[in-house]
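To start, the structure under review is shown below, and the notes come after it.
Coordinate-derived values only; no laboratory data. These numbers come from a predicted model, not from an experiment. FYI the Cβ positions are ideal-geometry reconstructions off the backbone, even for glycines, and counts take in every protein chain you see.
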Amino acid sequence: MRISEMFYSIQGEGLLAGVPSVFVRLSGCPLRCRWCDTKYSWDSSDGEDVVLDEIQALVQARNCDYVVITGGEPLIQAELGDLVKLLKETNKHVTIETAGISFVPDLSCDLMSISPKLSNSIPDDNKLAEVHNRLRLNVEALRKLVSNYAYQLKFVVDSPEDIAEIQETIEEIGGLDRAKIMLMPQSTGREEYIEKSAMVAELSKQTGFVFCPRLQILLWDNERGT
Ligand code: SF4
């Protein structure tokens, strides 16, 4: 399996924010979001090939019960199911971080952490934008993901205008638990995060959606591997 990086940190986002976790970042993502903060993981040849048993051993070497499989886009990886299965054999709590662009059945993960992409993530480059727009919102896949897995939905908010699109997307998916819908500030650095947090907190108050922190940006200014 192609691994972009593995590191030990704390979960910065979502309902498990603050929980020490081992991160396994898989290589490859077709979306190329404008503000992506892990561009190095876009290319599926980034990083190195690591066999699943070795990933399991590296995770096991950490005294940590929580694993986050992230990317890139984990749901496009053929070996994802086998990796989750191996990690569950050692009783890890497994979160999958995904943009929700496809549905994969029968994963034994504990939490599907879905960040559906809005129009604020469209790349500037026309060719990349075409691919992004074609793939970014797969409502059918999102419906299946939330029906089949314990989930949280994290929407990246760049401006107050995004809230209308978030509401539309939620309605289109339908049947969501509002307590699992989160708003997080779009930011690739600490200064921007602090600047946008008050705006997003205000939107949370207006809508009742949960404010989603991004502790990795606040604590480490989004430095790679933190
Ligand atoms: S889906 Fe995630 S990894 Fe892929 S480009 Fe967007 S932010 Fe980056």
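Just the Kirkwood number for the chain, please: inverse of mean 1/r across all distinct Cα pairs, in Å, one decimal. Before the final figure, lay out each step's value.
Values: mean 1/r = 0.0564 Å⁻¹.
17.7 Å is the Kirkwood radius here.
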Inset, instruction - Go through the range 101-176 and name the GluC sites (Glu not before Pro) that are in a DSSP coil and have 14 or fewer other Cβ atoms within 10 Å of their Cβ. - result: GLU161
Inset, instruction - Mean Kyte-Doolittle of at least -1.0 plus a Cα span of 15 Å or more along the axis: flag which DSSP H helices in the chain meet both, please. - result: 162-173, 190-207
Legend entry - Cut-off under 5 Å, modelled amide H: who pairs with TYR151 long-range: MET112
Inset, instruction - Take the cross-link list LYS117/LYS154; LYS117/LYS144; LYS117/LYS180; LYS39/LYS85; LYS144/LYS196; LYS127/LYS154 and give me the ones stretching past 21 Å between alpha-carbons. - result: LYS39/LYS85; LYS144/LYS196; LYS127/LYS154
Legend entry - Amide proton proximity set for ILE10, modelled H, under 5 Å, gap of 5+: SER21
Inset, instruction - Could you check what % of the DSSP bridge pairs in the chain are antiparallel, to the nearest 5? - result: 30
Legend entry - For the range 26-40, 3J(HN,Hα) per residue [Karplus equation, 6.51 cos²θ - 1.76 cosθ + 1.60, θ = phi - 60°, Hz, x = Gly/Pro]: 8, 8, x, 7, x, 7, 6, 4, 3, 9, 3, 9, 10, 4, 4
Inset, instruction - Return the Cα extents of the range 3-43 along principal axes one, two and three, sorted largest first, each rounded to a whole Å. - result: 28, 20, 11
Inset, instruction - Sort by residue number and name the cysteines in the chain that have no neighbouring cysteine Cβ under 4.7 Å. - result: CYS29, CYS64, CYS109, CYS212
Legend entry - Candidates per GluC sites (Glu not before Pro) in the range 181-226, loop by DSSP, up to 16 other Cβ within 10 Å: GLU223
